[in-house]
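Here the structure comes first, spelled out in structure tokens, and everything after it is commentary.
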Amino acid sequence: MTTSRLEDIAREVLSFSLWLAAVVLNMASVLWLGFQGLKWLHDGYWTKQPPVIAWIRDMCPGACSFVNNPHSWYGAAKVARFLSEVPSGVALALLGIALGVLSVSISDRRPVAPSVTRVRARAF
């Protein structure tokens, strides 16, 4: 196998993996938001989803100390504020869409446009 063939195989595997992750995340968000919508139709009130920051604090309490003190870095403060406000279902959907777009951009095989070297004469 040549290196170009190995690159094609690696690109296809990465693209398929990203596509699969995007489908799983989007299905999870649709199911989560759908369940919440059905619950709203049944009970009459909208239950609040836990924000993404609640999941992050549980996953890495020591490593994610910037989440607890976001004033240490301005970018981290913006990320922490966004994550504390966005519901988990919406965050799953956004992440799934981003992975889907990344998957399409990796698997894109359109040829590169040829460079123009000659200028056409002016048309009358």
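No lab work stands behind these numbers, since they all come straight from the coordinates. Remember, predicted model here, so these are calculated numbers, not experimental data. Heads up, the Cβs are rebuilt from the backbone with ideal geometry, glycines too, and the neighbour counts pull from every protein chain shown.
Once R0 is set to 41 Å, what does the formula 1/(1 + (r/R0)^6) return for the Cβ-Cβ distance between residue 9 and residue 43, expressed as a FRET efficiency to the nearest 0.05? Each step should come with its number before you reach the end.
Details: r = 51 Å, r/R0 = 1.24.
The formula returns an efficiency of 0.20 here.
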Subject >> Placed amide H near residue 86: partners under 5 Å, 5+ positions off or other chain >> reply: 52
Original post:
Rounded to the nearest 0.05, what FRET efficiency is calculated for residue 27 and residue 81 with R0 set to 30 Å and r the Cβ-Cβ distance?
Top reply: 0.60
